[in-house]
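Colleague: Mind looking over this structure? Questions follow.
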Amino acid sequence: MTECLLQVICWRAAASIAWAVLLLPPTTAAFIILSRFSILHPFQWISECLSLLTSASAIFSFILLGGVIIIVGFLNLEYYTVIPNIACSKIALLGQLLHPRQFLSSLVHCIMGIIVAWCCAVTIGGRYETLGYPCVESDGSPEMCLNEYHLVLLLAGAFVGFSHSLLGVIHNMNYVSFHTVQRYKYLRFKGSLPLVVKCSATQALYSVRNYIVIYFFLGYIPKTWMCKTLNLHLNRSVQVYIFINALTLPSGLLDLCLIYHLWISATFLLFTWYITLVLFRIFVTEVYSFPVQSSFTEDSHQCLPKVITEKQPMILKFLALQDLALLSQHAPLRRSEVFSLSQPGGHPHNWNAISKECLSLLSDLTQRLIVYHDTVATNGRAKPLSTGSERKTSSDTSVISGDDPFTPKSTPLMKTPASVFTRSVVGGPQSPLTAPFTPDLDSPFASPALRRLTAPVGQCSPWHDTVQSPHIMRRGPKLWSTSTDSHVNGSPQLSPASVPSPKQEVSKPSLLAQFLQNRKEQVKNFLAKRVLIMYLFNKLPEASSQALFADSQAHIWALEGLSYLVQASFSEDRFGVVQTTLPSILSSMLVLQEAVDRHFKLPHASSKPVRSSGTMGDCHYKTLRFALRATLKTAIYRITTTFGDHLRYHYQNPLFIPGGNYWVLQSYKDSLTVPFTE
Amino acid sequence: MCSLALFPPPLPSGHTTLCESNNELLSGASSEDHRLIQDSSLLSLYFPRESLKLHSRTESSSKAAFLDHSETLWMRSAAAWRDGGFTGLLNEITNSHTEVPKWLSVSSGCTLALLQWVSSFHGSLFPHLTLSSEDMIAEFSQVLNWPDCVVRAFAWHPHTDKFAVALLDDSIKIYNPKSATTPTLKHRLQRSVAAVQWKPLCASALAVACQNCLLVWHVDPCSLSTRPSSGCAQVLSHPGHSPVTSIAWSPSGSLLVSASPMDTAMMVWDVAAENCVPLQRVGGGGVTFLSWSPDGSHVLASTPSLLFRVWETRMWTCERWPCVKGRCQSGCWSPDGSRLLFTVQGETVIYALTFTDAPGIPAGTSKGPQAAAVVADLSETTFNTQDGDITVGGEIQSLAWDPKGERLAVLLKGDAQAADRPPVIAVFKTRTSPIFELLPCGFVQGEPGAEPRLMQFHPNFQHGALLTVCWSTGRITHVPFYFLSAGVPHFGLNGSPSLPRPQERPSDFANQSLFTEMIS
């Protein structure tokens, strides 16, 4: 169905990889020139570089590097996500880092780091070239000794690769954000090139520093292991500590040449990988123009109204929404197709599908915000707990079993609007003070023991006295973290289609339960005093808020698309198809506005994130909630200023009163009079 | 082509322009009349220069107030690096030659000299780079004689009757005829305000171009606070992007562009996310003035050298427009965004560019205009009045086109030395069909001794156009132009065009205003 569209994504990824491979020769040439840098012999330097560039070993290492780039590109394609994975506590982050999938990625990065480092060693040549070299033992017999310089470089590559993969998780480097300013790919690439150079240089510096410290203390382990397995000898008379130059040992100077070579190799490695990443981001987020309607039925699944309602490949939904937002602003011809009626029948199918999907997106977000807000009291503390221990035991078990897919007693799970993006982004209901334990129960780190340990917290959470809906209980333990495996490739888990009826049997508070409850409280109090555990389980400020709005780029586009289409409909909509949905559009925007305003009154919600400029990780998701708030206000104002007094007529016309909820109408009316006046 | 010779002669001294009605500009003899005919909903403000408390000292002079404190060389070097960057560090090392090794001080001195030589070379290519930031704002601002202005910037809100006024003391006041509170905005970083602009489709956001950064104030219209805290302001800054001399919001309210003559890149800000995309183009040496077309499709960006660019906003590509004589001083767009009028420094004519972009065609394929056409000649013309000869004309400081596209106001620089060549505002009527042309309307003059410094049209004036003028005396007045708009259809509830109210004589205005004054 969407295979042909998915092929578009794959082709884009392939193109980005091809460009990254094509950029490899100039990068390698620059690396060779910089690594063999010698100011005293400029002619020798240039001629050596030229001869090296044309040598067989350079071509071999170039092929190797090309292979590495292709693997990195495939990893990018495999691991990218358009909805960031936000860890709400340190323990959740740890869980993400130790996830098997992530572990695999780290391992591959390590190996590729070694390969790149080997290519670097061969390229730099000199003392780095081979792993072993002939030496003379103390007894005079010729032996093969371990070349520690070569080993240091290889291990540095492994370390940099590993730390790159770890930092990728911490900084959400696999998150692909869409930009508000559309530019051509070449200009965008050119614009991001200085940042890539800067980032790779600084990141390489930090990695090399950390690596030197680690090697200084733990370097003997790989050294002796290498010697044993390869039957090499350590020439102890030459090297005492590798980083301290043997010649300048008395003055205690570091071996600057070695450190420079380590740094330039790490920079080269990170630069090629970052370039691949940047190219991938640029190619994959390029605007794709979906046809609004097709004259052939077999192509209808590729049309915008159809793709926009698809949920599975998240990237396609995002691209479709982006296309909707752009066409509503810039393309009158395609807008007229949106407003057109179907040929036999005369139904506005296109507009209905688009507006319905956008409205359901908005109502999802509203639901999510309301549920989140209901769990958190306005002052940021959890609401006072009720004494209803009778229901706790039952819900407790359901909570635990809900996290275990193999338990036959499956969890009640309702198909709610909010489960369109079914993820546990509802954020933490607990403040650090009241509930220090907010682990990620979905993470592989959370052992059954840990789950049992943290289960009482789930029941202490204010879910049980505020929200009775079973699907919320199901999501209860997942609230404070995002699951690691659900959307790494941009595809959220879908709720099971068939759901058993909620189990809400009320059991008597038994003595045993009471006892268990007390013990749990004691354990909790005991653990709360331990600093490390507090550190690990404390919720990160504003992370829950970020997680709540993690996919808000979709909502922003939906708001823009709807408001621009409504604005255009004032003069372009000949059949009046928009008029029928205008009240529901306005009311859903106003309800969302109210929910967003309430959310921003919560602590940490309106605090601005620290602007970090020196990383390749995209921090776009940290400010999505502010962008959503601004877009929402602008969208409402856009509609009200376009329609102006005509809305008053709608308001007075009983046909246009949506749903009969009075307060919506009230604010709807207010938005007419309030917008720009006092 | 229209020239100043076709204009009615300027008013005799003592008369001020009141309004346009029945196709002629009406004048009053005394300032009393002037105040009387003002629409009661419009505030006419007066900021006497004496009432403003100016900064008694500049930022750098505060150093002298503290005792000299000897720090180690490392500390001083670190401080110099922080304050003055690389050149500051070199300067510090060169100056403290007693403490550092001789080779270091000598080499840093040589490097410094080399750097200065290179930068002077760069400065000879782009002379504006040698100006101080205050001088640079004065040079490139749309305000006439910016350093001396009491009102340094002015902005009408695009949707309601409120406006923001930036004053000489770096404060911004927001006036609303419907509200008793006038919020005063002050911020530590709000210095040398070059421009202010309200965000479209938003009630509260006001962007301010400052010396070192860009501020976006969020002033809640429902708040009763008269001094919003500096927490209400977002600070947007980018290294190397100062002083900011011009800003422009996109008409859809989503993006903000800012320009600095020091920076070759024009910044496109996503204000909510506080991140920016630099649109770098070499050539020009900076960006001085920005104007976003009302339909949102193009942005005019002029540079300090003989070049300006027109960006299209779909994919952010640009067309280069080299000028022959001088840099592009000012420009304005027709309401439909199809026509750009601009003026060039050193020339006394207005040029027009026509963009015939069909909206459906993707950018880049459609051809823009090939050459600019001269539409008006504003060379010096001498009028014989009863007070003697008055010479009007010359270079143009700024242009303003009313939102209906019917009146074009041109602020002429005049000559500060010669008494008989004051700065004056010439107003044209514009007509688009059958051909685009400018027709003379008249001169707008203020009280005796008051020179126009800054002007802006009200964005949605019901009965025609309303020109707001800030005078050198610190007065802000509004000159209404009453006319029935020809081209724009009137959207009213009952479908009939809204009636232009005043067809009466000025004496009737006076009576009417007196009546409202009595009952108030």
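Colleague: Given Cα positions, please report Rg to Rh for region B:153-229, the hydrodynamic radius being the Kirkwood one.
Modeller: Values: Rg = 11.3 Å, Rh = 12.3 Å.
Rounded to two decimals, Rg over Rh is 0.92.
Colleague: Can you tell me the Rg and the Dmax, both Å, for the Cα atoms in region B:102-178?
Modeller: Here Rg and the maximum Cα pair distance are 21.2, 70 Å.
Colleague: For A:C119, what accessible area in Å² do you get when you roll a 1.4 Å probe over the heavy atoms of the protein chains, rounding to the nearest 10?
Modeller: Per-residue accessible area (A:C119): approximately 0 Å².
Colleague: Something else about it: So which residues of region A:592-634 lose at least 20 Å² of accessible area, probe 1.4 Å, when you go from the chain by itself to every protein chain present?
Modeller: The answer is A:K608, A:R611, A:H620, A:T623, A:A627, A:A630, A:T634 - residues whose exposure falls by at least 20 Å² when every protein chain is included.
Colleague: Sticking with this structure for a sec: So what is the 222 nm mean residue ellipticity for chain B from helices alone, if each DSSP H run of at least 4 adds -39500 (n - 2.57) and you divide by all residues, rounding to the nearest 500 deg cm²/dmol? Provide the component values of the computation, followed by the final result.
Modeller: Numbers: 5 runs with 76 residues, N = 520.
Using -39500 (n - 2.57) per qualifying helix, the result is -5000 deg cm²/dmol.
Colleague: Using a 1.4 angstrom probe with every protein chain in place, what is the largest-first accessible-area order of A:F575, A:F283, A:F290?
Modeller: Details: A:F575 105, A:F283 25, A:F290 0 Å².
Sorted by accessible area, descending: A:F575, A:F283, A:F290.
Colleague: Region B:138-180: which residues show an accessible-area loss of 20 Å² or more, assembly versus chain alone, 1.4 Å probe?
Modeller: B:H159, B:T160, B:N176, B:K178
Colleague: Filter the cross-link list A:K198/B:K199; A:K356/A:K622; A:K608/B:K186 down to pairs whose alpha-carbon distance in this structure exceeds 32 Å. Spell out each step's value before the answer.
Modeller: Values: A:K198/B:K199 34 Å; A:K356/A:K622 28 Å; A:K608/B:K186 21 Å.
Too far apart for the 32 Å limit: A:K198/B:K199.
Colleague: Follow-up question, since we're still on this one. For region B:250-323, what's the relative contact order in percent, using C-alpha pairs closer than 8 Å and at least 6 residues apart? Don't skip to the answer; put the middle values down first.
Modeller: Details: 164 pairs, mean separation 16.2, N = 74.
Taking the mean separation of contacting Cα pairs over the length of region B:250-323, I get 22 percent.
Colleague: I've got another one for you. Size of region A:261-334 along its principal axes in angstrom, Cα-based, largest extent first?
Modeller: Per principal axis, max minus min of the Cα coordinates gives 61, 27, 18 Å.
Colleague: Considering only protein heavy atoms and a probe of 1.4 Å, how much of the accessible area of chain B is carbon and sulfur, as a whole percent? Could you put the intermediate results ahead of the total?
Modeller: On the way: 13130 of 23270 Å².
Whole-percent figure for carbon plus sulfur exposure: 56.
Colleague: Rank by packing, highest mean first: peptides A:122-135, B:181-194, with packing defined as the count of other Cβ atoms within 10 Å averaged across residues.
Modeller: So the peptides A:122-135, B:181-194, ranked by packing, come out B:181-194, A:122-135.
Colleague: For Cα pairs less than 8 Å apart in space and 6+ apart in sequence, what is the mean separation divided by the residue count of chain B, i.e. the relative contact order in percent? Intermediate results must be reported in sequence, preceding the final value.
Modeller: Working: 1164 pairs, mean separation 79.1, N = 520.
Here the relative contact order equals 15 percent.
Colleague: If we count every other residue with Cβ under 10 angstrom of B:F308's Cβ, Lys/Arg +1 and Asp/Glu -1, where does the sum land? Intermediate values should be presented prior to the final figure.
Modeller: Numbers: positive: B:R309, B:R320, B:R327; negative: B:E319.
The answer is +2.
Colleague: I'd like the FRET efficiency for B:D148 and A:S294, computed as 1/(1 + (r/R0)^6) with the beta carbon distance as r and R0 of 45 Å, rounded to 0.05. Don't skip to the answer; put the middle values down first.
Modeller: Working: r = 65 Å, r/R0 = 1.44.
The calculated FRET efficiency here is 0.10.
Colleague: State the Cα centre-to-centre distance between region A:579-620 and region B:147-204 in whole Å.
Modeller: Using only Cα atoms, the two centres lie 27 Å from each other.
Colleague: How many Å² of accessible surface get buried when A and B come together, counting both sides, probe radius 1.4 Å, rounded to the nearest 100?
Modeller: Numbers: alone 31840 and 24730 Å², together 53650 Å².
Buried: approximately 2900 Å² between B and A.
Colleague: Here's a follow-up. Which residues, if any, in region A:173-205 lose at least 20 square angstrom of accessible heavy-atom surface (probe 1.4 Å) when the other protein chains sit next to their chain rather than the chain being alone?
Modeller: Those are A:T180, A:V181, A:Q182, A:R183, A:Y184, A:L187, which lose 20 Å² or more relative to the chain on its own.
Colleague: Follow-up. Ignoring ligands and nucleic acids, what accessible area does B:H15 show with a 1.4 Å probe (Å², nearest 10)?
Modeller: The accessible area comes out at roughly 60 Å².
Colleague: Follow-up question, since we're still on this one. Please give the Cα centre distance for region B:254-315 versus region A:1-40, rounded to the nearest Å.
Modeller: 31 Å
Colleague: Can you pick out the pairs among B:K325/B:K413; A:K317/A:K633; A:K190/A:K317 whose Cα atoms lie more than 26 Å from each other?
Modeller: Going by Cα-Cα distance, A:K190/A:K317 fall outside the 26 Å limit.
Colleague: Using a 1.4 angstrom probe on the protein heavy atoms only, could you order B:M75, A:M112 from most to least accessible area?
Modeller: The ordering from most to least exposed comes out as B:M75, A:M112.
Colleague: Carbon-plus-sulfur fraction of the accessible area of region A:1-285, 1.4 Å probe, in percent? Before the final figure, lay out each step's value.
Modeller: Numbers: 10020 of 13440 Å².
So the carbon and sulfur contribution to the accessible surface is 75 percent.
Colleague: Let me ask you something else. What distance in nm separates the simple spin-label points at A:Q579 and A:H604, each placed 7 Å from Cα in the Cβ direction?
Modeller: Placing both labels 7 Å beyond Cα along the Cβ direction yields 4.9 nm.
Colleague: Heavy-atom accessible area per residue, chain B, 1.4 Å probe: how many Å²?
Modeller: Values: 23270 Å² over 520 residues.
I get 45 Å² per residue for chain B.
Colleague: Where does each of B:H478, A:H373 land when they are ordered by accessible area, with a 1.4 Å probe and the largest first?
Modeller: Values: B:H478 0, A:H373 20 Å².
Most to least solvent-accessible, the answer reads A:H373, B:H478.
Colleague: Sticking with this structure for a sec: On average, how much area does the Cα convex hull of region A:1-285 cover when viewed from any direction, in nm²? Write down the numbers at each step before the final one.
Modeller: On the way: hull surface 77.0 nm².
Averaging across all directions leaves 19.2 nm² for the Cα convex hull.
Colleague: Starting from the Cα coordinates of region A:268-382, work out the convex hull volume and express it per residue in Å³. Walk me through the numbers on the way to the answer.
Modeller: Details: hull volume 22.3 nm³, N = 115.
About 194 Å³ per residue, rounded to a whole number.
Colleague: Skip the ligands, DNA and RNA, and give the accessible area per residue of region A:1-285 with a 1.4 Å probe, whole Å². Let's see the in-between values first.
Modeller: Values: 13440 Å² over 285 residues.
Per-residue accessible area for region A:1-285 comes out at 47 Å².
Colleague: Under a Cβ-Cβ cut-off of 14 Å, what is the net charge of the residues other than B:A259 that fall near it, where Lys and Arg count +1 and Asp and Glu count -1? Please report the intermediate quantities before stating the final value.
Modeller: Details: positive: B:R281, B:R309, B:R327; negative: B:E139, B:D263.
Neighbourhood net charge equals +1.
Colleague: While we're on this one: Taking a probe of 1.4 angstrom, what is the accessible area of B:T98 in Å², to the nearest 10?
Modeller: Its accessible surface works out to 120 Å², give or take rounding.
Colleague: Follow-up question, since we're still on this one. Label region B:73-130 by shape, choosing from rounded, prolate and oblate, from the square roots a ≥ b ≥ c of the eigenvalues of the Cα gyration tensor; if a/c is under 1.5 it is rounded, and otherwise prolate applies when a/b is larger than b/c, oblate when it is not. Spell out each step's value before the answer.
Modeller: Values: a/c = 4.25, a/b = 1.77, b/c = 2.40.
It comes out oblate by the Cα gyration axes.
The values are calculated or read from the model by the stated rules, or taken from the named source; none is laboratory data. Note that this is a predicted model, so its numbers are computed, not measured. Cβ atoms come from the backbone with ideal geometry, glycine included; neighbour counts cover every protein chain shown. For accessibility, only protein heavy atoms count, side chains too; no ligands or nucleic acids. Shrake-Rupley method; radii C 1.70, N 1.55, O 1.52, S 1.80 Å.
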